[in-house]
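What follows is a set of notes on a single structure, which appears directly below.
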Amino acid sequence: MRALDLLAPLFFSRPTASAARAEEELVERLRRGESSAIAEVYDEHYATVRAFARRLTGDDAAAEDLVHDVFVSLPSAAQRFRGESSLKTFLVSIAVNHARHHLRSAARRRAALERLGREPLPDAPNPERDVSRAALARALDRALDQLPVQQRVAFVLCEVEDRSAREAAEIMGVPEATARTRLFHAKQKLRALLDEEESR
């Protein structure tokens, strides 16, 4: 059994009635703009939103910027929250809505770092291994950067975060069939891009 399977109940289980009531009260406080409610949500859900943002952007600075945007926009976004999903899922959907700008920023940063990375590193302990790993990471980053935003979001949600197509669809605000189609096209395009990279 994979470690993720053991952890899944912590992330994907339905809340108890008392937890659901507590979340409803917290959302009401958010709607009123209470700073203590924002701090509470931040403390509870920062790690989840940060992990998603990092996986999506592939860049620590862009991920932090995206997380910042999510929590700054939370009080106004809370006005749209209807309780049809968990607050955690709602926060990830806000991140998806803010992602486009951050993905472009992350791609620019990676391009700059890649240019710097072409300079040889002194005293590398295992140059062959390091070069091979770095080349693979750059190839994956370049391939992900070329995906349309919605395909990239579907890929990160389903393949990297191991969410179901149903949950990914809920986060993206689309029908499940659309989420599956986006994932299918993302995988096809990534495969083609990586094959093309290998053949160079």
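The values are calculated or read from the model by the stated rules, or taken from the named source; none is laboratory data. Just so we're clear, the structure is a prediction, and the values are computed from it rather than from any experiment. Don't worry about glycine lacking a Cβ; one is built from the backbone with ideal geometry, like all the others, and counts go over all protein chains shown.
Take Phe71 and decide whether it is in contact with a Phe, Trp or Tyr (Cβ under 7 Å, 6 or more places away or on another chain) and among the aromatic types (Phe, Trp, Tyr). Taking the combined requirement at face value, the residue satisfies it.
Okay, residues lined up against (1) under 28 Å from Leu144 (Cα atoms); (2) surrounded by 14 or more Cβ atoms within 10 Å (Cβ to Cβ):
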| residue | (1), (2) |
| --- | --- |
| Glu23 | no, yes |
| Leu26 | no, yes |
| Ile38 | no, yes |
| Val49 | yes, yes |
| Leu66 | yes, yes |
| Asp69 | yes, yes |
| Glu84 | no, no |
| Thr89 | yes, yes |
| His101 | yes, no |
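Filtered by the rule that a residue be under 20 Å from Gly58 (Cα atoms) and in a helix (DSSP H, G or I), the range 154-184 gives Ala154, Phe155, Val156, Leu157, Cys158, Glu159, Val160, Ala168, Ile171, Met172, Arg182, Leu183. Taking helices (runs of 4 or more DSSP H) as the structural unit, those lying wholly within the range 1-81 and holding at least 1 residues that are modelled with pLDDT under 85 correspond to 3-12, 17-31, 60-77.
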